[in-house]
Every structure is written in structure tokens, then in C-alpha cells.
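Heads up: the structure comes next, in C-alpha cells.
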Amino acid sequence: MNRTEFIFATAIILFVAFCLGWFANWLVSRFIRVSSSDVGELDRLAQELHEAEETRDQAITYLQQREAELTNQLSQTEAELSATMDGLREARQEAEYYRAQVER
């Protein structure tokens, strides 16, 4: 193999390597490429997700407030029930006392 044949062989090998690299780059860009409609759809989905998260946060806040109100109302009702039961117990004791007085 003389010098000219070596140069031609090297040039052909480099050209083939260049073609393979170009083809590989084309394949990668073909698979990775995102179309503008896909980007628009991703933006729309991101906006909808953001709105859904805000709605969820508002619902959680509302439920926490409602739970606090109901807990407060339950505590008040239990306190009223306890006071009523104490009053009823005292009234029964007083009635029993007066009944015992009448029987004597």
C-alpha cells in the first residue's frame, strides 16, 4: 500500500465515520424533537395542574375551617349537656329531699 492508497483509504474511512455520525445525530434529534403542539399541550396541562392544586388547597382550607367550627360547636354542646345534666341531678336530689320531707 503506497502513500496515495493510504490517503484514499483514510479519506473513505473518515467519510464513512462522518456519515455514520450524521445519521446517528439525525436519529437522536428525530426521537428527541418535541413539536410545538406538544409544547402547547404541556403548557395547558401545567396550567390545569396549577389550577387543580389551587382548588385542592382552597378545599383543604375550607375543610379545616369547617372542622374547627364543628369542633367548637361540639365542645359548646357538650358543655351545655354537662351543665344540663348537673342541673337535672340537683333537681332530682332536691325533689327527693322534698319527697322525703313530705313523707315524714
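Read-outs: derived from the displayed coordinates by stated rules, not from any lab. Here the structure is a predicted model, which means the values were calculated and not measured. Virtual Cβ from ideal backbone geometry, glycine too; neighbours counted across all protein chains shown.
May I ask you to compute the full-extension gain from SER82 to SER37, defined as 0.36 nm times their residue separation minus their alpha-carbon distance, rounded to one decimal in nm? Let's see the in-between values first.
Details: separation 45, 0.36 × 45 = 16.20 nm, distance 6.64 nm.
Contour length minus the Cα-Cα distance gives 9.6 nm.
For VAL28 and GLU51, FRET efficiency with R0 = 35 Å and r from the beta-carbon atoms, rounded to 0.05?
Efficiency computed from Cβ-Cβ geometry: 0.50.
If you average the C-alpha positions of the stretch 57-104 and of the stretch 19-35 separately, how far apart do those two centres end up, in angstrom?
Distance between centres, Cα-based: 77 Å.
Angle, helix 36-103 long axis vs. longest principal axis of the chain, Cα atoms, 0 to 90°, nearest 10?
It is inclined by approximately 10 degrees.
Using DSSP to call loops (not H, G, I, E or B), can you name the trypsin sites (Lys or Arg not before Pro) in the stretch 3-83 whose Cβ has at most 10 other Cβ atoms within 10 angstrom?
The qualifying sites are ARG33.
For the chain, what percent of Cα pairs sit more than 19 Å apart?
79 percent
Tell me the label-point distance for the pair GLN101, THR4, using the 7 Å Cα-to-Cβ offset, in nm and rounded to one decimal.
Placing both labels 7 Å beyond Cα along the Cβ direction yields 14.2 nm.
Against the longest principal axis of the chain, how steep is helix 3-32, in degrees 0 to 90 to the nearest 10, with axes from Cα atoms?
Rounded to the nearest ten degrees, it is 20.
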